[in-house]
Amino acid sequence: MELLPLLLACSLLFAVAAPARDITSVCASQIRDFPHRNSSGLHLILHHPQSPCSPAPLPSDLPFSTVLTLDDARAAHLASRLATTNNAPPRRPTSLRKKAAGGRFDDSLATVPLSPGASIGVGNYITQLGLGTPATSYAMVVDTGSSLTWLQCSPCVVSCHRQAGPLYDPRASSTYATVPCSASQCDELQAATLNPSACSVSNVCIYQASYGDSSFSVGYLSTDTVSFGSSRFPGFYYGCGQDNEGLFGRSAGLIGLARNKLSLLSQLAPSLGDSFSYCLPTSASTGYLTIGSYNPGQYSYTPMASSSLDDSLYFVTLSGMSVAGSPLAVSPSEYSSLPTIIDSGTVITRLPASMYSVLSKAVAAAMGGAARAPAFSILDTCFVGQVSKLRVPTVGGACQPWAARR
């Protein structure tokens, strides 16, 4: 099975330096009305990972080659999730144990295995989430390819990566509770994280969220009150991370938006409804994530497709592509025979080799004889010159309209 992910995320663009006073003014104006809840749903601000307004920005000197390498790891894992056979490497053990007095290990925590999951990469967008009573706000990665929401928790028994702002301290929240191993939510971790749950000797459910780039988070499945602005939702299930290592930037953790019972969307659905939308920002703007009701008269639609290969990802049916207004010479059966993934955390759109070859040749022909440049990392359709002076064709894609599927 080949992978055809259609990505709606914008490529990472590096922000132009600006005086600190100007940045502060711009950022304040961008977030003035967020987050808020009204008749059209709950609205959260989204930050580009390279935006100077992001509460957890990536390093400004991050090489673009690194962006592409990590992006390739994420796309490779998405492909493996759609493979009919699982050739994943053996699970790598990790330990949630701390040394007690006298140098002995505290066995109240468990040793759990890890298997690779979706690569986090560096293409993810950032929003703010409030947790606990009283609520504290945390900068979180937003990911439509993951289900479980988790964040780093004090005392970080094993390891925590550097994050913007303080760690979440469950002892400071009057509404915090751990989840016992007998709870149904503990059993649901297998589907949510692609890893089995574990159980401590004190009967606390342990989650394991691992990612294709070797990043991972392991900790206690917990509940607390989650909040966005003045909107509060008690009894939210999430991971309280005690061993968090890898490429998470300076975020406190991750918000899972995939199609799973433990995702943020599913847990808020009884209060807000089953729909969500997002508008992705550039490095010079802000976007939004809206959860809840919508006005159907304002939008055009394509139906969500499904795939038995992975029922937690979001799919649509691609029906055509064009270059400079001319349709590609690709048969309709090639489009309809493959699932098309929409993934918020992937930077570069991927196509099957045969389809990509047709697209690459069409783009080169439309470039008006521009001189070719050597390939750069995973990108091989490259040209010499300034963008403003090159005749770059518009590449378009179409999805199956709503009326075509009943």
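What follows is calculated from the coordinates using simple rules that are stated; it is not laboratory data. Remember, it's a predicted structure, so these values are computed and weren't measured experimentally. Quick reminder, even Gly has a Cβ in these numbers, built from the backbone with ideal geometry, and neighbours come from all protein chains shown.
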Charge-dipole axis of region 142-233 as Lys and Arg at +1 and Asp and Glu at -1 on Cβ define it, positive-most pick from SER182, ALA164, VAL218: ALA164
Where a label projected 7 Å from the Cα of SER202 along Cα→Cβ would reach, residues of region 156-179 with amide N under 19 Å: 156-160, 168-179
Gain in span if fully extended, SER308 to SER275, counting 0.36 nm per residue against the direct Cα distance: 9.7 nm
Over region 300-406, relative contact order from alpha-carbon pairs under 8 Å, at least 6 apart, %: 36 percent
Computed log₁₀ I(q)/I(0) - Debye formula, equal Cα scatterers, no solvent, region 186-252, q 0.14, 0.17, 0.25 Å⁻¹: -0.49, -0.69, -1.12
Modelled label reach - ALA373, point 7 Å along Cα→Cβ, region 332-365 residues with backbone N closer than 16 Å: 364
Region 239-252 - phi-based ³J(HN,Hα) in whole Hz, Karplus 6.51/-1.76/1.60, Gly and Pro as x: x, 9, x, 10, 9, 10, 9, x, 9, 9, x, 10, 6, 7
Modelled FRET efficiency - R0 35 Å, ALA191 with THR133, Cβ distances, 0.05 increments: 0.75
Under-5 Å amide H pairs with PHE383, H placed in peptide plane, nonlocal only: ALA373
Where labels lie 7 Å past Cα in the beta-carbon direction, separation of ALA177 and SER319 in nm: 4.9 nm
DSSP beta bridges in region 144-294 [antiparallel fraction, %, rounded to 5]: 85 percent
³J(HN,Hα) computed for each position of region 135-148 - Karplus, 6.51 cos²θ - 1.76 cosθ + 1.60, integer Hz, glycine/proline x: 6, 10, 8, 9, 7, 10, 6, 9, 9, 6, x, 10, 9, 7
